[in-house]
Structures are given as structure tokens and as C-alpha cells.
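What follows is a set of notes on a single structure, which appears directly below.
Coordinate-derived values only; no laboratory data. Please read these numbers as outputs of a predicted model, since none were measured by experiment. Here the Cβ is made from the backbone with ideal geometry for all residues, glycine too, and neighbour counts use every protein chain on show.
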Amino acid sequence: SGGSVASVASGGSGGSVASGGSGNSRRTNPSDNSSDSDAKSYADLKHRVQNYLFTIKELKYPELFDLTNHMLTLSKNVDGFKYLIDGYEEINELLYKLNFYYDL
């Protein structure tokens with residue numbers, strides 16, 4: 001499911017649709033719907049990722065504190081969130097540390 005997460009995140013970054021009175025409203029409607037759908041998908045994904053990070057932060061495991069704060073900071077804006085999802089380096093590190101913590 002990682003591939004679908006990356007495609008949703010990258011699809012949500014193109015948010016603006018040109019507006020104007022040129023009579024092309026028929027042509028821009030599907031684009032508007034797609035943009036709304038992408039924005040909702042992005043907002044939903046961002047909310048779910050941030051909730052997950054806050055849940056991990058509540059564990060109060062010292063090794064995860066800096067990493068979860070860093071990831072939460074990245075997730076606050078579109079470019080940082082895209083980097084977080086597309087790069088997945090931080091996510092891999094987080095999962096590795098969680099796995100190690102629970103193996104103890």
C-alpha cells in the first residue's frame with residue numbers, strides 16, 4: 001500500500017485550477033472535481049499520518065522523540081509532507097526503532 005500513499009500525496013500538490021470567464025467552464029469542471037478529490041485525499045492522509053505520529057509520541061520512548069517531532073514538523077506543509085511520504089527514509093527509521101523497542 002506504500003505505492004498508493006505516495007501517489008495520493010504527490011497528486012495533492014497541484015492544487016490550483018485556472019479560473020476565468022472565457023466560457024470553458026465545461027472543460028474545467030472535471031479538473032475541479034479531481035482537484036477537490038485530491039485535496040480531500042491529501043487532507044485525509046495528512047490527518048491519518050499525523051494521528052499515527054501523535055500516537056507514537058505518546059509512547060514516550062526516548063529514541064523516538066526527536067524523530068517523531070521531525071516528522072510532525074515535515075508534515076505541516078505540502079512540500080515537507082510530500083518529502084516524508086515519497087522519501088520514506090524517516091518512516092523506515094521510525095518502523096525500525098518501533099520494532100526494536102517492542103522486541104526488547
*How about LYS82: which lysines have a C-alpha closer than 19 Å to its C-alpha, ignoring those fewer than 8 places off in the same chain?*
LYS40, LYS46
*Net +/- balance of residues flanking LEU74 in space, Cβ distance below 10 Å, scoring K and R +1, D and E -1*: 0
